[in-house]
Every structure is written in structure tokens, then in C-alpha cells.
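Okay, structure first, notes after.
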Amino acid sequence: MGSPHGAALSAEDFGLKGPRGWAFRGVGFTAPPGSLVAVEGPSGSGRTCLLLALTGRMRSTQGHAEVGGERLPGRLAAVRRFSALGPVPGVSELDPSFTVAEHLRERALLRRRFDGSPRSLLRPRAERAAAARATVNGALEAAGLDVAALPKAERTSVRDLERLEALRLSVALALMGRPRLLAVDDTDLKLSVTDRALAWELLRGLAADGTTVLAVCSEAPEDALTVRTRPAADAEPAREEPAREEPAREEPAEEEPGQEEPADEDDEPAAETSEGDTTTGNGKGTADAIAEAGRA
């Protein structure tokens, strides 16, 4: 399930400052279409904020970036139209109480409602159902998720999925929109060495197929273009000044009581975020659910 072309990425002195200070700053890199870009850094170093800023979900406050020919922070909505989020905590999480079939059915319905052309609504129901089924099957294949091998097949709840299986499902849902840019958060979180290798193999294959992949991780693979973030405490390292001799001077007179220095005010704007996706479903099997999506 290939993308016709990925989105080129570039950033120059890119940064985001919110009410609590800098989330990240001074980021600069260039990546051609179809790249595997790994955002590497410890938790709390602004990795997720950088991912959301580069996909048009947060507004940066310093420098600029260009994604698929669209300049940020000005063209947020344009970038959102061709980018997709895999798993991002608090933004695009899977619902643990939903089944695999419910998630797939919901995404098929949303894609038909918001991504389909008006002309597609005039096609026969059987043709629409077949097209929806082909989209789902193609996304599952590209994500490497074998639904039949799950404990209860398509009726398996997300809470019963292994970490790697949940990652594959999230990626499959994102791929149903045929994005030029796919963003994945916490790629290597809670994965064994073997599963971590399989996760990177999945993302590497998507990039080779033409989709630009942006993946947050704690340790990037050697073949990825690595962008590193730092903890907020290290964002503004102190600069060492050359030592110099100070002339002797008299001790300052004591200040009169009641005089205080005015406090500085922090008037920096807060970062803007877009709302995450919501999910609904009714528990039908994959085949029936996708067929119903096509008949709707």
C-alpha cells in the first residue's frame, strides 16, 4: 500500500515555547521524501512536541520548518491534510475497550465521510463496500498485522493486544488515509529487543515504499536520519565568559527599607494544539463492518 510520494522535511532554528518554558528549540535538519527520521532523546526533552509541531498539530514559536512544500508555522491545516498520526499518547490513542474490528470500521467510515470525493457517493453500494474492504486489507498488510492470528481475531479488544500488535494496528489506521507523512510516538517504548527490531523493520519498509516516517524513540537505529532533543534544563546552556580582573570598588550603601525590584513578567504565548481523534464503534466483525461502511 504505497504512497505516491513522501513529504520532504526541513527545519531551521525550529522551537516551541509554552507557559512553562521551552519544549524544544534550535532544531535544524533536512530530510528528502521517503526518509526515516528518528527523533531521539530522553523522556521530557520535547520529542512529542516536535513531532506534533512538524505534523501541524502544534504551533511553533521560533524559527520555521517546511513539510511537503508547506511552511510552518503558517500552514498548519495544509500539513495536517497529508500527514497522519500513529500512536501518540493523549492525542491519537487506541481505545482499550474497543475491538480491532470497531477501530477499523470507524476509520473506514471517517475516511469515506471526510476524505472521499462527492462523486464516490454515487457509486453502487457493492462497489463502495469492496473499495473500503480493499483499503482496510491493504493497510493491515502494510502494517504487518495478521488479524486472523489474534486471540479472538477481529473481535480482539485492544487491551488484549501485545504492545507490538497495538503499534501495528495504530499504524494501519493511519495508513488508511494514504498519508505522505506518518508520525509515530514512543516507537521503542516497552518493547523487547526482538520486537523493537520488528518495529523498526516495519517503519523502514514504509519509508522504502515512499512514505516519509517521523518516529520518536529513545535510541535511533543507525540507518535513520537522527534528530536529537535535549531536556528543558539543557535547552539554554550557560556560556562561559573570559575571566577578567575587576577594579576595587567601595561596598554599596544599604538599600532603604521598602524598596523592591520589579518582578519580570512572562508574556510568551502558549503553544496551540489541535484536538485528538475520537473513536466509536459497534462491535461487528471486520468483513461485516467494512461492508456496512461501504453501504452507508
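Among Thr99, Thr61, Gly74, which residue has its Cα furthest toward the positive end of the charge dipole of region 59-179, with +1 on Lys/Arg Cβ and -1 on Asp/Glu Cβ?
Farthest towards the positive end: Gly74.
Tell me, how many Å apart are the Cα centres for region 117-192 and for region 80-107?
Distance between centres, Cα-based: 9 Å.
Please state the charge dipole magnitude for region 51-191, taken about the Cα centre, from unit charges on C-beta atoms (+1 on K and R, -1 on D and E), reported in debye and rounded to the nearest 20.
800 debye
Can you compute 3J(HN,Hα) from phi for each residue in region 54-62, using the Karplus curve 6.51 cos²θ - 1.76 cosθ + 1.60 with θ = phi - 60°, rounded to whole Hz and x for Gly and Pro?
6, 9, x, 9, 9, 9, 6, 10, 9
Under a Cβ-only charge scheme (Lys and Arg +1, Asp and Glu -1), can you give me the dipole magnitude of region 132-183 about the Cα centre, in debye to the nearest 20?
Approximately 200 debye in magnitude.
Just add up the charged neighbours of Ala197: K/R +1, D/E -1, any other residue whose Cβ is under 11 Å from the Cβ of Ala197.
Local charge sum for Ala197: -1.
Within the set of other residues whose C-beta is less than 11 Å from the C-beta of Glu70, count the net charge using Lys and Arg as +1 and Asp and Glu as -1.
Once all neighbours under 11 Å are counted, the net charge is +4.
To the nearest 10 square angstrom, how much accessible area does Glu93 have with a 1.4 angstrom probe?
That residue has around 110 Å² of solvent-accessible surface.
With only Lys, Arg, Asp and Glu charged, each at its Cβ (+1 for the first two, -1 for the last two), find how big the charge dipole of region 124-215 is about the Cα centre; round to the nearest 20 debye.
340 debye
Can you give the log10 of the normalised intensity I(q)/I(0) at q = 0.13, 0.22 Å⁻¹, computed with Debye over equal Cα scatterers of region 125-226?
-0.49, -1.24
Using modelled amide H (1.01 Å from N, peptide plane; none on Pro or chain starts), what sits under 5 Å from the amide H of Ala38, excluding residues fewer than 5 places away?
For Ala38, the qualifying residues are Ala215, Leu225, Thr226, Val227.
Would you please put 178-190, 194-206 in order of how densely packed they are, using the mean number of other Cβ atoms within 10 angstrom per residue and starting with the highest?
Peptide ranking by packing, descending: 178-190, 194-206.
The values are calculated or read from the model by the stated rules, or taken from the named source; none is laboratory data. Every value quoted in this text rests on a predicted model; they were computed, and no experiment measured them. Note that each Cβ is placed from the backbone with ideal geometry, even for glycine, and that neighbours are counted across all protein chains shown. Surface accessibility is based on the protein's heavy atoms, side chains included, excluding ligands, DNA and RNA. Shrake-Rupley method; radii C 1.70, N 1.55, O 1.52, S 1.80 Å.
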